[in-house]
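To start, the structure itself, in structure tokens.
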Amino acid sequence: MNRLFMISGNRLIRQYDSEILWIEPWGDNSLRVRATHLAAMPAEDWALLPQAKSNARIVIEEAKAEIQNGKIRAEVTAAGKITFFNHKDKVILEEYVRNRNDIKAFCSALNIDAREFKPILGGDYQLTVRFESDPNEKIFGMGQYQQPYLDIKNCTLELAHRNSQASVPFALSSLGYGFLWNNPAIGQVTFGKNCTEWTARSTKQLDFWITAGDTPAEIEEAYAKATGTVPMMPEYAMGFWQCKLRYQTQDELLAVAREYKHRDLPISVIVADFFHWPLQGEWKFDLDYWPDPEGMVAELKEMGIELMVSIWPTVDKCSENYQEMLQKGYLVRVDRGIRTTMDFLGNTVFYDPTNPGARDFVWQKAKKNYYDKGIRIFWLDEAEPEYSVYDYDLYRYYLGPNLQIGNLYPVMHAKTFFDGMTAAGQKNVINLLRCAWAGSQRYGALVWSGDIDSSFESLRNQFIAGLNMGLAGIPWWTTDIGGFHGGDPNDPSFRECIVRWFQYGAFCPVFRLHGDREPHSEPLGTKGGGLCNSGAGNEVWSYGEEAYEIFKKYMFLREHMRPYISELMKAAHEKGTPVMRPLFYDFPADEECWNIDDQYMFGPDVLVAPVLQAAVRQRKVYLPEGAAWTDYNSGVVYDGGQWIDCDAPLSSIPVFLKDKAAL
């Protein structure tokens, strides 16, 4: 039976019938597992980066083989079942097998395999991979989903992108492992009580990466080494960002910037939102409404403000670039029907960033019309992309059908601008995107949580999304403070909501105000930059005097924290450390911390307990054991390892400093 197994360098290979299985070291304490039923293993690495050669130990016996790399060991039986162990010989993950291929092991007549490649007629495979489930396991990460559960055990998640949903398929387990589903296909995962099941609707191979570690931090850092880290965040990006839907003219935007400076309020970034262009896909200012971009950028820079400009991946069929991009194959294709991928103020088709030529074409337009005018940060909106109809089997890219590689879109969209800006000599690139997949972080992707509701319920969902995004390897994350859809600045209930959101936002990786407020103003024209309407005021002075004073307090607190935030961004850049993370990340030995889902650590020294419900003026706070905690608002010092009742008037949220730390 040992002819089933072979050794090739550091790689253990098992071949049986049409399946080729590879297991090999991929970074410290980590293994990469691939399998295919094709004649040869596909070469794509997807999210993974090349790693230095590891000295794995491989042993082949009569009825099994095993490969060990540091703290992780995989055992493969002759029947093909894989089990993973940590360095304490404890099982951390094992495949779910219910068949009679090995009657010496657990035997079942169900005839269910762990690795099921179901052929697609005339094509590739639908893949299902199954693992045993530990009902006591807790699972975190996996990106951004609009739901209120930090622990996603017993959840089913779509492995696909939508507006406000970003599938970043890395899971952190309380059992001491991290698992990357290294496959950009559209699919689904269920972390069930009885079985964990991953599916890809169309693929050529199985590909996952697993690492073992003694702490969440060790696991996250291994994942960051395998997939990359963010650049160092530029200093200006750590301050306050002002945005709304939408400043309609250059004069309006400059007037807002001047008012911030007149009031002596800190501001680092201001945004020219969508439809500042003549047509989608022309990637330039409409000079009727934005007559002097160079002068605007120069004045803002004199005020110490960077201008961020919205970029959409849509190309209007009437735009000046459509015919050339169509001819050169730079647009997303459809396998049936009319070639319109998004219908919003025009019939548009998304450009295809999986095509290197398309990436260069779009960047050259953006460079000429924005970058060369002094703009150094872009808002890469619609990055999922947001199809008008989410029929994932309809669309096709340069690299293949959407069903097989569609989740790569936001990575390649970020790469378009990262590569261009880096080639132009820019360091520490940062761009705002509405979506991400594994590896997006290394292209300077700051992700925000999309077009969300303006309510406390939505705030709760964003709180969870931010923590799980950080654990999924995306440490730069933000949200529309106050939510996106709706919210009247004169409504007292919404004023309370946005105050609580603003307080929380001050302790997010990026502190950014945005939203589509009510009531709307009328469009300024019937074409180009005048075609789209605008929401109501969304500046910090738009919500009444009480809110304004609270906003100012937290804006200046954010400024005061800049040296501390800079250290957090350095750790994210160097080690992949999440800027905001659940309590268990810093206190894994405190079992209670694994149960807390409404507090978090903002770096190693600041515990934040935001108010996530209306009319709440007091809340319970858990202080982790092993440290003393100073109430930032009152100065009272508490021992760790206890719950306390904490006042939370509208003017403040509970914040605690660890072991006499200073902001």
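Values quoted throughout were computed directly from the atomic coordinates according to the rules given, and no laboratory measurement underlies them. On a predicted model such as this, the values are computed, not experimentally measured, just so you know. No Cβ is skipped: glycine too gets one built from the backbone with ideal geometry, and neighbour counts run over all protein chains shown.
Near I377, the amide H atoms lying under 5 Å from its own belong to V309; only residues 5 or more places off or on other chains count, and H is placed 1.01 Å from N.
Can you work out the PRE-style zone for E302? Point 7 Å along Cα to Cβ, and I want the residues of the stretch 258-295 with backbone N under 16 Å. Inside the label zone: 258-262, 292-295. Could you work out how far helix 409-423 tilts from the main Cα principal axis of the chain, as a 0 to 90 degree angle to the nearest 10? For helix 409-423, the angle is close to 70 degrees.
In terms of Cα to Cα distance under 13 Å, which aspartates and glutamates are near enough to K415, apart from those fewer than 8 places away along the same chain? Answer for K415, where 13 Å is the Cα cut-off: D352, D360, listed by chain and number.
Between the beta carbons of E549 and E592, assuming R0 = 51 Å, the FRET efficiency works out to 0.90 to the nearest 0.05.
Sorted ascending by nearby beta carbons within 10 Å, beginning with the fewest, H87, H573 become H87, H573. Return one number: the angle in degrees, 0 to 90 and rounded to the nearest 10, between the long axis of the Cα atoms of helix 562-575 and the longest principal axis of the Cα atoms of the chain. It is inclined by approximately 30 degrees.
List the pairs from K204/K328; K71/K658; K71/K225; K64/K104 whose alpha-carbon separation is above 22 Å, in the order I gave them.
Values: K204/K328 27 Å; K71/K658 31 Å; K71/K225 16 Å; K64/K104 12 Å.
Cα-Cα > 22 Å for K204/K328; K71/K658; rest within.
When each of the peptides 596-603, 49-56 is scored by the mean number of other C-beta atoms lying within 10 Å of its residues, the order from highest to lowest reads 596-603, 49-56.
3J(HN,Hα) couplings calculated from phi for the stretch 357-363 with the Karplus curve 6.51 cos²θ - 1.76 cosθ + 1.60 (θ = phi - 60°) are, in sequence order, x, 5, 4, 5, 4, 5, 4 Hz; Gly and Pro show x.
Ignoring lysines fewer than eight residues from K138 along the same chain, the ones with Cα atoms less than 19 angstrom from its Cα are K90, K153, K193.
Once R0 is set to 35 Å, what does the formula 1/(1 + (r/R0)^6) return for the Cβ-Cβ distance between V91 and D639, expressed as a FRET efficiency to the nearest 0.05? Before the final figure, lay out each step's value.
Values: r = 37 Å, r/R0 = 1.06.
Efficiency at R0 = 35 Å is approximately 0.40.
Between N154 and Q188, the modelled labels are 1.9 nm apart [label points 7 Å from Cα along Cα→Cβ]. Along the charge dipole of the chain, pointing to its positive end and built from +1/-1 on Cβ of Lys, Arg, Asp and Glu, which listed residue (A424, L568, M233) has its Cα farthest out? Towards the positive end, the residue furthest out is A424.
Sequence-ordered 3J(HN,Hα) estimates for the stretch 151-164 from the Karplus curve with 6.51, -1.76 and 1.60 and θ = phi - 60° stand at 7, 9, 4, 6, 10, 10, 10, 6, 8, 6, 9, 9, 4, 5 Hz, glycine and proline given as x. For the stretch 529-621, the fraction of alpha-carbon pairs lying more than 21 Å apart is 55 percent, rounded to a whole number. The peptide list 324-333, 531-540, 442-451, put in order of mean Cβ contacts within 10 Å with the highest first, becomes 442-451, 531-540, 324-333. Report the FRET efficiency, 1/(1 + (r/R0)^6), for A39 and R339, where r is their Cβ-Cβ distance and R0 is 30 Å, rounded to 0.05. Working from the Cβ atoms, E equals 0.30. The phi-based Karplus calculation (6.51 cos²θ - 1.76 cosθ + 1.60; θ = phi - 60°) puts the 3J(HN,Hα) values of the stretch 202-217 at 7, 7, 9, 7, 8, 8, 9, 10, 9, 9, 10, x, 8, 9, x, 5 Hz, whole numbers, x for Gly and Pro. Between the amide H of K153 and those of I139, distances stay under 5 Å, these residues lying 5 or more places away or on another chain, with hydrogens modeled in the peptide plane. Over the stretch 306-438, all Cα pairs binned in 10 Å intervals from 0 give whole-percent P(r) values of 12, 46, 34, 8, 0, listed from short to long. Label-to-label distance, S651 versus D264, with points set 7 angstrom from Cα along the beta-carbon direction: 1.9 nm.
In the chain, taking the dipole from charged Cβ atoms about the Cα centre, the farthest positive-side position among F5, L380, P401 is held by F5. The calculated Kirkwood hydrodynamic radius for the stretch 582-658 is 12.4 Å, given to one decimal from all distinct C-alpha pairs. Here the stretch 339-375 is scanned for amide nitrogen atoms under 13 Å from the site 7 Å beyond the Cα of C318 along Cα-to-Cβ, giving 344-348.
Against the main long axis of the alpha-carbon atoms of the chain, helix 456-471 sits at an angle near 50°.
Report which label in (1) 0.98; (2) 1.00; (3) 1.12 holds the value of Rg/Rh (Cα atoms, Kirkwood Rh) derived from the coordinates of this structure. Label (1) holds the value from this structure.
Give me E518, E62 ranked fewest to most by other Cβ atoms within 10 Å of their Cβ, as a rough exposure proxy. Mind showing how you got there, number by number?
Numbers: E518 16, E62 8.
Fewest to most other Cβ atoms nearby, the residues stand as E62, E518.
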